[in-house]
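See structure below.
The values are calculated or read from the model by the stated rules, or taken from the named source; none is laboratory data. Please read all numbers here as calculations on a predicted model, not as lab measurements. So basically every Cβ, Gly included, is an ideal-geometry build from the backbone, and we count neighbours across all protein chains shown.
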Amino acid sequence: MTDRRLVSHVLRRLTFGPTAAEVDAAVRDGLEPTVARLLAPAGVPDLPSPGADPVAALGRGASREDRQRARQAAQAQVADAVAWWLGRMAAGGTAAEKLTFFWHGHWATSVRKVRSAGLMLRQQQTFRRYGPGATGPLVRAMLRDPALILWLDGQRNTRKAPNENLAREVMELFTLGVGHYTEQDVKAAARVLTGWQIDRAAGTSRLAAGRHATGPVTLLGRTGELDVDGFADLLVRHPAHVPFLAGRVWLRYGSGDQPVPAALTAVGNDVTAMLRTLALDPGFAATAGHLVKQPIEWVVGAVRQLGVDPSKGRKPILAGLRALGQVPLRPPSVGGWPAGEAWLTTAAAQARLRTGQALTALAPAAVRQLAETAEGDRLDALAALLAVDAWSDRTAAVLEPVAEQPQRLLALALATPEYTVH
């Protein structure tokens with residue numbers, strides 16, 4: 001793999017889709033400086049203020065009309081929050097927002113049940129603040145996260161009425177994986193997590209002592225008094241945690257059909273260290289073409305490369321994501337979104353064509369750039385614009401007949417296998 005192909009591959013995996021200028025800069029800088037820049041610590045942005053939580057403002061005697069208005073106001077706040085995040089994804093050329101999105105899919109929490117833009121945005125801040133480092137602080141924070149607690153019924157987990165949802169999913173889906181805990185561990189963990197209550201208006205969680213079960217438990221091989229931080233520490237120190245985490249990182253950044261490299265687990269539970277190891281591994285180049293872009297990766301990458309203004313393209317961007325089946329803040333279940341061929345349906349191909357047409361209509365500069373390129377050179381210029389290494393003969397045979405129509409050519413290219421699979 002040439003230097004250009006290698007840095008393009010790394011940029012495609014670590015970011016939401018590089019622009020041609022970003023690829024050029026990475027070629028000039030070289031692989032290691034590029035990876036260092038992409039993974040450099042990023043500041044935590046100021047959040048937009050969604051306003052007061054309309055659901056929290058409802059009184060006990062609220063009428064049906066009051067509740068309907070509150071739901072509509074909450075939905076409008078969520079739509080604004082989604083648009084804000086998509087704008088950040090499109091603006092950033094580093095790994096930070098894609099890592100935030102990785103954690104969102106990993107600790108999958110849906111606003112459909114949480115019903116609060118503010119709580120979902122605060123959860124994002126937790127991902128930005130703790131997600132790039134070792135997982136200990138992140139797990140501690142997530143066990144207190146108001147959105148996650150609401151999503152997994154943690155506020156219903158009390159000493160008199162235990163609820164095991166949060167305890168089970170924390171071990172099975174977020175930290176250890178199936179087979180590394182017992183039903184007794186679930187019961188003990190649920191006991192440790194009793195009593196956490198959510199203040200929706202304040203956007204905070206607190207431990208209500210009267211609802212919390214006290215006394216020693218036996219959990220993951222340890223017996224004694226245990227609080228939420230002690231439980232988090234047991235999870236991240238468990239021998240299954242690092243291999244589990246490495247597998248999830250590899251699935252989303254590396255390959256869905258190759259074994260996890262040993263080097264990925266050797267670095268411990270620091271996710272940035274895992275990503276650096278992955279990107280610089282000599283075998284990483286061989287994973288090119290192994291991952292299907294998730295719809296958010298596909299749409300945001302196209303927005304970045306076409307130079308679409310996300311605020312002006314808000315409606316077609318969201319329409320495209322809905323049609324493709326992946327809208328931020330709305331994972332389908334606690335297991336998150338699927339990966340791989342699940343995104344390669346006939347309906348998805350048609351949705352990509354429609355969305356590509358809508359996006360190229362908002363990209364006159366990109367269309368003009370292709371139009372000003374000699375017709376015989378347009379496929380090469382198109383590949384450079386979209387950070388595609390090369391077109392297969394089969395794809396080129398489809399694109400060449402429309403080369404004289406730059407906008408149509410660009411829309412069609414966005415739906416090709418070379419752009420969809422990376």
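Could you check, for segment 285-307, whether at least one of its residues is touching a strand residue (DSSP E or B) at 6+ places or on another chain (Cβ under 6 Å), closer than 24 Å to Pro132 by Cβ and of a type in the set (Asp, Glu)? The answer is no; no qualifying residue exists.
If you take the residues in segment 351-388 that are of a type in the set (D, E, K, R) and more than 25 Å from the chain's Cα centre (by Cα), which one is nearest to Val23 (Cα to Cα)? Walk me through it before giving the result.
So in segment 351-388, the residues of a type in the set (D, E, K, R) come out as 352, 354, 368, 372, 375, 377-378, 380.
From what's left, more than 25 Å from the chain's Cα centre (by Cα): 368, 372, 375, 377-378, 380.
On the way: Arg368: 21, Glu372: 21, Glu375: 23, Asp377: 19, Arg378: 18, Asp380: 15 Å.
Among those residues, the one meeting the criterion is Asp380.
Only helices (runs of 4 or more DSSP H) whose full extent lies in segment 77-184 are considered here, and the ones with at least 2 residues that are on the phi < 0 side of the Ramachandran plot and either in contact with a His (Cβ under 8 Å, 6 or more places away or on another chain) or among the charged types (D, E, K, R) (or both) are 96-106, 111-114, 117-130, 135-142, 165-169.
Condition test on Ala62, is it of a type in the set (A, V, I, L, M) and within 27 Å of the chain's Cα centre (by Cα)? Even if it seems obvious, please write down each step before you answer.
Values: of a type in the set (A, V, I, L, M): yes; within 27 Å of the chain's Cα centre (by Cα): no.
Criteria not met by Ala62.
If you go through segment 195-211 and pick out every residue that is in contact with a helix residue (DSSP H, G or I) (Cβ under 7 Å, 6 or more places away or on another chain) and either under 22 Å from Ala70 (Cβ atoms) or assigned to a helix (DSSP H, G or I) (or both), you end up with 5.
Test of understanding: among Ala383, Ala371, Ala349, Ala361, which residue is closer than 17 Å to Ile296 by Cα, out of contact with any Gly (no Cβ under 8 Å at 6 or more places or on another chain) and either surrounded by 15 or more Cβ atoms within 10 Å (Cβ to Cβ) or not charged (D, E, K, R) (or both)? It would help to see each step written out before you state the result.
Details: Ala383 fails: closer than 17 Å to Ile296 by Cα; Ala371 fails: closer than 17 Å to Ile296 by Cα; Ala361 fails: closer than 17 Å to Ile296 by Cα.
One residue alone meets the criteria, Ala349.
Looking at segment 219-256, which of its residues are farther than 19 Å from Leu166 by Cβ and either hydroxyl-bearing (Ser, Thr, Tyr) or in contact with a Pro (Cβ under 9 Å, 6 or more places away or on another chain) (or both)? Those that are farther than 19 Å from Leu166 by Cβ and either hydroxyl-bearing (Ser, Thr, Tyr) or in contact with a Pro (Cβ under 9 Å, 6 or more places away or on another chain) (or both): Thr223, Gly224, Glu225, Ala246, Trp250, Tyr253, Gly254, Ser255.
Restricting the search to segment 388-420, which residues are touching a Gly at 6+ places or on another chain (Cβ under 6 Å) and surrounded by fewer than 21 Cβ atoms within 10 Å (Cβ to Cβ)?
Going residue by residue through segment 388-420, those that are touching a Gly at 6+ places or on another chain (Cβ under 6 Å) are 411, 414-415.
Ala415 - this is the single residue of segment 388-420 that is touching a Gly at 6+ places or on another chain (Cβ under 6 Å) and surrounded by fewer than 21 Cβ atoms within 10 Å (Cβ to Cβ).
Here Gly87 clears all of (1) surrounded by fewer than 21 Cβ atoms within 10 Å (Cβ to Cβ); (2) at pLDDT below 95 except the condition numbered (2).
It is to be established whether one or more residues within segment 111-125 are crowded, with 21+ Cβ neighbours inside 10 Å, more than 28 Å from Val308 (Cα to Cα) and touching a Pro at 6+ places or on another chain (Cβ under 7 Å).
Of the residues in segment 111-125, the ones crowded, with 21+ Cβ neighbours inside 10 Å are 111, 114-121, 123-124.
Filter once more, so that each one left must be more than 28 Å from Val308 (Cα to Cα): 114-116, 119.
When the remaining residues are screened for being touching a Pro at 6+ places or on another chain (Cβ under 7 Å), the result is 119.
For segment 111-125, residues crowded, with 21+ Cβ neighbours inside 10 Å, more than 28 Å from Val308 (Cα to Cα) and touching a Pro at 6+ places or on another chain (Cβ under 7 Å): present.
Can you find a residue in segment 54-64 that is in a helix (DSSP H, G or I) and at pLDDT below 95? Yes, segment 54-64 has at least one match.
Residue under question is Val334, and the condition is that it be over 28 Å from Leu119 (Cα atoms) and of a type outside the set (Ser, Thr, Tyr); does it hold? Give the steps one after another, and end with the answer.
Details: over 28 Å from Leu119 (Cα atoms): no; of a type outside the set (Ser, Thr, Tyr): yes.
For Val334, the condition - over 28 Å from Leu119 (Cα atoms) and of a type outside the set (Ser, Thr, Tyr) - is not met.
Please tell me if Pro18 is in a loop (DSSP other than H, G, I, E, B), out of contact with any Lys or Arg (no Cβ under 9 Å at 6 or more places or on another chain), buried (at least 16 other Cβ atoms within 10 Å of the Cβ) and not basic (Lys, Arg). Against the criterion (in a loop (DSSP other than H, G, I, E, B), out of contact with any Lys or Arg (no Cβ under 9 Å at 6 or more places or on another chain), buried (at least 16 other Cβ atoms within 10 Å of the Cβ) and not basic (Lys, Arg)), Pro18 does not qualify. Is at least one residue of segment 215-234 of a type outside the set (Gly, Ala, Ser), out of contact with any Lys or Arg (no Cβ under 9 Å at 6 or more places or on another chain), closer than 19 Å to Asp153 by Cβ and assigned to a loop (DSSP other than H, G, I, E, B)? Taking every residue of segment 215-234 in turn, none turns out to be of a type outside the set (Gly, Ala, Ser), out of contact with any Lys or Arg (no Cβ under 9 Å at 6 or more places or on another chain), closer than 19 Å to Asp153 by Cβ and assigned to a loop (DSSP other than H, G, I, E, B).
Answer with yes or no whether Asp389 is acidic (Asp, Glu) and in contact with a helix residue (DSSP H, G or I) (Cβ under 9 Å, 6 or more places away or on another chain). In short, yes.
Mind checking which residues of segment 254-270 are touching a Ser or Thr at 6+ places or on another chain (Cβ under 7 Å) and within 23 Å of Thr100 (Cβ to Cβ)?
Gly254, Ser255, Leu264, Val267, Asn269
Taking segment 32-75 as the range and being within 26 Å of Ala91 (Cβ to Cβ), in contact with a helix residue (DSSP H, G or I) (Cβ under 6 Å, 6 or more places away or on another chain) and of a type in the set (A, V, I, L, M) as the test, the residues that pass are Val35, Leu38, Leu39, Ala42, Val44, Leu47.
Let's see how each residue does on (1) among the basic types (Lys, Arg); (2) touching a residue at least 12 places away in the same chain (Cβ under 8 Å); (3) touching an Asp or Glu at 6+ places or on another chain (Cβ under 7 Å); (4) not in a helix (DSSP H, G or I):
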position	(1), (2), (3), (4)
Leu353	no, yes, no, no
Ala358	no, yes, no, no
Val367	no, yes, no, no
Ala387	no, yes, no, yes
Thr395	no, yes, yes, no
Val398	no, yes, no, no
Pro401	no, no, no, no
Gln407	no, yes, no, no
Glu418	no, yes, no, no
